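Trainee: Encoded as structure tokens, here's the structure I'll be asking about.
The values are calculated or read from the model by the stated rules, or taken from the named source; none is laboratory data. Because the structure is predicted, anything quoted here is derived from the model rather than measured. All Cβ positions, even for glycine, are placed from backbone atoms using ideal geometry, and neighbour counts span all protein chains on display.
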Amino acid sequence: MAYEMVTRTGRNFYEVTSAMQNAIRNGDYEVAGYAMWELLPQYTPYLRKRLLVISAEDCYGVITKEILHLMDIGDEAALTRALSLICKAKKNRDADYFVCNLMYVNSPTGANKDELSKALYSAIRKRRMVESGHLAAELFKKNRKAFWKMLTETAEMFYPHLVSEFAALSESNDRMSKPTEETIFVAKAIVLMWTQRAEKEQLLSYPGMSFDKFLDPAGIEIIKPLEQCRKIRGLFPEYLYNWHTAYGKYTLRRDAVHAIENDQKLLTPLEKNLFDDCTWNRDINFCLEKHNPRHRPIPYDDGKRVVTDDGT
């Protein structure tokens, strides 16, 4: 019989982790805190990695360095402070968009790592987003360390305020169970270089942060101790279920279309940036080939803007 991963009170691990991430997206600390309480202490190592992923996948701007600093402390108080911070932080899913819809290889160039690094550097600087996605996918697969070397050197030359965040993103990538498969951190670095604001401080995800210093962990307010968060008996609120959970997939008949729409609606507080109005058709159609309970037409078209390199 297969080993079943369960939490403190016997809940399904995957249901709880999914609920936690969706609650974070929504800035709902009450539910996220309860979910983290369920996962502790058994899944502490998992949480130290998952919060890093969420900081890059669902949060806007510079924040991963702060979460990494708290993960280095690593105790329950530090995890709770990280959860409080990440729930209140600005939200945006541009990095995840880049991974799911632009970072793929149709026709490999066959170039070596140095040639790919130079080509990707040029594409990033020229804001050629589709080309950057294809080259990023090829370079990441060929040589992840060369990719990070190029990103770090680019930040040092043109984005010195992002150097500390890039170092944190690179270190976070190294800490993943399968670092050669986790592309969200390089995607977040690229998105940060493309994000333009009138003042660079607007790139910070939460007030009080800085580019080159850490927040004092003791000064990060814990919204509520985890054990005081309202315990949920039975099902979570329905908005927390997507097709990655058994209940969402088979009972609610949810699919990738629902997931993409729901994830965007949840983002609180939302900071719009590069791809909020862009089509997820590539990712949606890939997923619908595997799970299409509502019999949506394939190819499916969500009717949103297509990203191109020529600006059309």
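One line per residue, one yes/no per condition, for (1) surrounded by 24 or more Cβ atoms within 10 Å (Cβ to Cβ); (2) under 23 Å from Leu203 (Cα atoms); (3) of a type outside the set (Ser, Thr, Tyr):
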{"residue": "Thr17", "(1), (2), (3)": "no, no, no"}
{"residue": "Leu39", "(1), (2), (3)": "no, no, yes"}
{"residue": "Ile67", "(1), (2), (3)": "yes, yes, yes"}
{"residue": "Asp72", "(1), (2), (3)": "no, no, yes"}
{"residue": "Cys87", "(1), (2), (3)": "no, yes, yes"}
{"residue": "Lys90", "(1), (2), (3)": "no, yes, yes"}
{"residue": "Ser107", "(1), (2), (3)": "no, no, no"}
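Trainee: Here's something else I'd like to know. Before we move on, is Arg282 touching a residue at least 60 places away in the same chain (Cβ under 8 Å), surrounded by fewer than 17 Cβ atoms within 10 Å (Cβ to Cβ) and within 22 Å of the chain's Cα centre (by Cα)?
Mentor: Judged against the criteria, Arg282 is a match.
Per-residue answers, yes or no, for (1) surrounded by fewer than 16 Cβ atoms within 10 Å (Cβ to Cβ); (2) in contact with a Gly (Cβ under 9 Å, 6 or more places away or on another chain); (3) of a type outside the set (A, V, I, L, M):
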| position | (1), (2), (3) |
| --- | --- |
| Gly234 | yes, no, yes |
| Cys278 | no, no, yes |
| Leu288 | no, no, no |
| Tyr300 | no, no, yes |
| Asp310 | yes, no, yes |
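Trainee: Output the residues belonging to the stretch 79-121 that are among the small types (Gly, Ala, Ser) and closer than 16 Å to Leu192 by Cα.
Mentor: If the condition is that a residue be among the small types (Gly, Ala, Ser) and closer than 16 Å to Leu192 by Cα, then Ala89, Ala95 are the ones that fit.
Trainee: Limited to the stretch 107-127, what total is found for residues that are under 16 Å from Asp309 (Cα atoms) and either in contact with a helix residue (DSSP H, G or I) (Cβ under 8 Å, 6 or more places away or on another chain) or not assigned by TED's automatic domain parsing to the domain that holds Thr183 (or both)?
Mentor: Residues flagged as under 16 Å from Asp309 (Cα atoms) and either in contact with a helix residue (DSSP H, G or I) (Cβ under 8 Å, 6 or more places away or on another chain) or not assigned by TED's automatic domain parsing to the domain that holds Thr183 (or both) within the stretch 107-127 amount to 7.
Trainee: Let me spell it out: the conditions are (1) exposed (fewer than 15 other Cβ atoms within 10 Å of the Cβ); (2) out of contact with any Leu (no Cβ under 9 Å at 6 or more places or on another chain), and His244 meets all of them except one. Which number is the exception?
Mentor: Of (1) exposed (fewer than 15 other Cβ atoms within 10 Å of the Cβ); (2) out of contact with any Leu (no Cβ under 9 Å at 6 or more places or on another chain), only one is false for His244: (1).
Trainee: Among residues belonging to the stretch 75-99 that are polar (S, T, N, Q) and assigned to a helix (DSSP H, G or I), point out the one that is farthest from Tyr43 (Cα to Cα).
Mentor: Looking at the filtered set, the residue picked out is Ser84.
Trainee: Can I ask one more? For the stretch 161-179, how many residues meet the condition of being free of Cβ contacts under 8 Å to residues at least 60 places away in the same chain and of a type in the set (Gly, Ala, Ser)?
Mentor: 1
Trainee: Looking only at residues in the stretch 53-87 that are out of contact with any Ser or Thr (no Cβ under 9 Å at 6 or more places or on another chain) and among the small types (Gly, Ala, Ser), which one is nearest to Glu271 (Cα to Cα)?
Mentor: Ser84
Trainee: For the stretch 214-238, which residues satisfy the criterion of being basic (Lys, Arg) and either assigned to a helix (DSSP H, G or I) or closer than 17 Å to Ile86 by Cβ (or both)? Write out each step before concluding.
Mentor: Initial filter on the stretch 214-238 (basic (Lys, Arg)): 224, 230-231, 233.
The answer is Lys224, and nothing else.
Trainee: Looking at the stretch 177-188, can you tell me whether even one residue there is touching a Phe, Trp or Tyr at 6+ places or on another chain (Cβ under 8 Å), among the β-branched types (Val, Ile, Thr), within 16 Å of Met150 (Cα to Cα) and outside any loop (DSSP other than H, G, I, E, B)?
Mentor: Yes; the residues of the stretch 177-188 include at least one that is touching a Phe, Trp or Tyr at 6+ places or on another chain (Cβ under 8 Å), among the β-branched types (Val, Ile, Thr), within 16 Å of Met150 (Cα to Cα) and outside any loop (DSSP other than H, G, I, E, B).
Trainee: Would you mind stating whether Val130 is within 17 Å of the chain's Cα centre (by Cα), closer than 22 Å to Arg282 by Cα and either crowded, with 23+ Cβ neighbours inside 10 Å or among the hydrophobic types (A, V, I, L, M, F, W, C) (or both)? I'd like the intermediate steps shown before the answer.
Mentor: Details: within 17 Å of the chain's Cα centre (by Cα): no; closer than 22 Å to Arg282 by Cα: yes; either crowded, with 23+ Cβ neighbours inside 10 Å or among the hydrophobic types (A, V, I, L, M, F, W, C) (or both): yes.
So Val130 does not fit the description; no.
Trainee: Quickly run through the stretch 279-290 and pick out the residues that are in a loop (DSSP other than H, G, I, E, B) and out of contact with any helix residue (DSSP H, G or I) (no Cβ under 7 Å at 6 or more places or on another chain).
Mentor: Thr279, Glu289, Lys290 - these are the residues of the stretch 279-290 that are in a loop (DSSP other than H, G, I, E, B) and out of contact with any helix residue (DSSP H, G or I) (no Cβ under 7 Å at 6 or more places or on another chain).
Trainee: Further question on the same structure: Just to be sure, is Ala32 surrounded by fewer than 19 Cβ atoms within 10 Å (Cβ to Cβ) and in a helix (DSSP H, G or I)? Outline the logic, then answer.
Mentor: On the way: surrounded by fewer than 19 Cβ atoms within 10 Å (Cβ to Cβ): no; in a helix (DSSP H, G or I): yes.
No: the conditions fail for Ala32.
Trainee: Among the listed residues Leu235, Leu266, Leu215, identify the single one that is modelled with pLDDT of 95 or more and more than 20 Å from Tyr14 (Cα to Cα).
Mentor: Criteria check complete, one pass: Leu215.
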